[in-house]
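Each remark here refers to the structure printed beneath this line.
The values are calculated or read from the model by the stated rules, or taken from the named source; none is laboratory data. Just so you know, these numbers come straight off a predicted model, no measurement behind them. Every residue, glycine among them, receives a Cβ derived from its backbone with ideal geometry; neighbour counts consider all protein chains shown.
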């Protein structure tokens, strides 16, 4: 879930016409309607330095969305993440994943990611966090802190587990934005994203440029478009959010993994960690057994 300054400017292109001076042909002398000589381009063209700062309307929309999400005691939604990755040709390819997200504040979270790529499941119940790979039939379990925010941080630092939609499910989404907020401005409205009317806001927080589409009526985010300013390739990351349900009843067993009883236990550790069983590939027979 590395910085060049963001610039807005206007590029002025001046086309020059060069006249032959060899004397091969002379312009006929005109007695009437003589053309005026072309105006000389100014020696220095001032670039448009637009620094919007923090526009109150943009801030109000971001705060309203944050308040809507923070007030929800429970929520579920579908998150489709599309991100670019360089190909062998140098031009980017686009990969996508879909996750079904369910949470109950302050200490319950479930993320089911069936694809693309390896399927995965993540469960957090306020005491432990569980990462499960259904195809490989591997499970990692670790003690967890007592809040969703702290569990997300622990999952990242301990197991390199990161959800691109984490800013949506933390206790105070606006606080995470405001900590590094440099620029925010209102763009306008759209009627094509998420099947509803949305307000479009752009902002720069930390080293990320973000454009977000937020429901004008329900204040729920529908699309988030991000570019890391320190990325020379300017690769794009897009998060689509749909199927929102807030404050609905969630079964008590929704956050308990149901298929991990016979799974092989591995360490809850970062894939790049040294001296850990998580680095070892599973036995070749395990995927066949899982199937």
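Note on segment 188-207: among residues that are at pLDDT below 95 and under 13 Å from the mean Cα position of the chain (by Cα), the one that is farthest from residue 65 (Cα to Cα) is 207. Restricting attention to segment 139-160, the residues that are modelled with pLDDT under 95 and in contact with a strand residue (DSSP E or B) (Cβ under 7 Å, 6 or more places away or on another chain) total 2. Out of curiosity, is residue 143 within 18 Å of residue 129 (Cβ to Cβ) and either within 18 Å of the chain's Cα centre (by Cα) or loosely packed, with under 15 Cβ neighbours inside 10 Å (or both)? So residue 143 passes the test.
Applying the condition of being part of a helix (DSSP H, G or I) and under 18 Å from residue 100 (Cβ atoms) to segment 253-291 and asking which residue is modelled with the lowest pLDDT yields 253.
Out of 187, 148, I need the residue that is closer than 26 Å to residue 244 by Cβ and surrounded by 17 or more Cβ atoms within 10 Å (Cβ to Cβ). Which one? Going through 187, 148 in turn, just one is closer than 26 Å to residue 244 by Cβ and surrounded by 17 or more Cβ atoms within 10 Å (Cβ to Cβ): 148. For residue 125, the conditions (1) under 20 Å from residue 157 (Cβ atoms); (2) buried (at least 21 other Cβ atoms within 10 Å of the Cβ) are fulfilled apart from (2). Total residues in segment 96-116 satisfying the condition of being part of a loop (DSSP other than H, G, I, E, B) and within 18 Å of the chain's Cα centre (by Cα): the figure is 1.
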